[in-house]
Amino acid sequence: MNIILLGAQGSGKGTQAKRLAQTLGMHHVSSGDLFRKASEAGTEVGKKAQSYFDRGELVPDDLTVAMVLEHISQEKYVRDGVLLDGFPRTIAQAQALDQGLLRVGRFIDCSLYLEVPREELLHRLSGRYICQANQHVYNIDTNPPKVPGICDLDGSELYQRADDQGSAIQKRLDIFFNETIRLLDYYEQQHKLKTVNGNHNIEQVSKDLIHAVKACK
Ligand code: AP5
Ligand code: MG
């Protein structure tokens, strides 16, 4: 299967995608993680994208589409299916994804929308910490590490993303609620949209997502 996890910034896409991919035996691909890795590696894509994501703005479609489609064209993704987190975020990206998958005889089976109120999103983002080594996600209130500042899973240091500070948070949420939200109609029209309440605890949301995936088949 090929699945899209849709949701505002802080809705739990990364948290849930890691768990869901493991349960379903799929590969998790996060466009945000790809950009952060490209930036750390100092590639051309990373350099071009960094100023956008540090400010909390969308990276231009051409750069994003080229990076993600190239990444998921690797054999293992085509063979096993992907769980996409953070891509697509615009109608143009969704159309390019459909066309790219069609070229290799694949399509999107299901689009899962994690619905969370804006107040809760703000609270989650300002308490989020990420690990340096593998982008594992924590939250000082709802999902703290056992040892403060250290990742439970790989021992690397935790840091706060630049776009989880100051005005960037509000800007990112505005982009979601003004633009990315249009994708709900796009997938609804294709009868591929399932909405899941993301405002429960992490375990409950995982269970609900699995049910939603089963309902897609
Ligand atoms: P990206 O890395 O995708 O960031 P984002 O969209 O801002 O989404 P987040 O990662 O902030 O939220 P999430 O839903 O993954 O939440 P998480 O699980 O971490 O993108 C970064 C940037 O890259 C973009 O701003 C843009 O510039 C660029 N980019 C990426 N894709 C692009 C695209 N397609 N087009 C153009 N540009 C693109 O959870 C958040 C917090 O809540 C954590 O602390 C977590 O522990 C906690 N939490 C999670 N679930 C729960 C729960 N159920 N209850 C309580 N707390 C919870
Ligand atoms: Mg994320």
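Every read-out reported here was derived from the displayed coordinates using simple, explicitly stated rules and does not represent laboratory data. On a predicted model such as this, the values are computed, not experimentally measured, just so you know. Because the Cβ atoms are built from the backbone with ideal geometry, glycine has one as well, and the counts that use them run over all protein chains shown.
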Only residues that are under 30 Å from Val196 (Cβ atoms), hydroxyl-bearing (Ser, Thr, Tyr) and either within 13 Å of ligand 2 (Cβ to nearest atom) or in contact with a Lys or Arg (Cβ under 8 Å, 6 or more places away or on another chain) (or both): list them for the stretch 1-60, please. Ser11, Thr15, Ser30, Ser31
Ala96 more than 14 Å from ligand 2 (Cβ to nearest atom), surrounded by 19 or more Cβ atoms within 10 Å (Cβ to Cβ) and without any contact (Cβ under 8 Å) to a residue 60 or more places away in the chain: yes
Return the residues of the stretch 62-89 that are surrounded by 20 or more Cβ atoms within 10 Å (Cβ to Cβ), out of contact with any Ser or Thr (no Cβ under 6 Å at 6 or more places or on another chain) and touching a residue at least 40 places away in the same chain (Cβ under 8 Å); say none if nothing qualifies. Ile72, Val82, Leu83, Leu84, Pro88
Kindly evaluate Ser31 against the criterion of being surrounded by fewer than 19 Cβ atoms within 10 Å (Cβ to Cβ) and in contact with a helix residue (DSSP H, G or I) (Cβ under 8 Å, 6 or more places away or on another chain). no
Residues being surrounded by 17 or more Cβ atoms within 10 Å (Cβ to Cβ) and either on the phi > 0 side of the Ramachandran plot or of a type in the set (Ser, Thr, Tyr) (or both) - total across the stretch 110-134: 3
Only residues in the stretch 8-21 that are over 13 Å from Leu84 (Cβ atoms) count as the first member; pair them with residues that are within 8 Å of ligand 2 (Cβ to nearest atom), Cβ under 7 angstrom, at least 6 apart or cross-chain, and list the lot. Thr15/Val137
Residue under question is Asp154, and the condition is that it be over 19 Å from Leu114 (Cβ atoms), among the acidic types (Asp, Glu) and either surrounded by 14 or more Cβ atoms within 10 Å (Cβ to Cβ) or touching a strand residue (DSSP E or B) at 6+ places or on another chain (Cβ under 7 Å) (or both); does it hold? yes
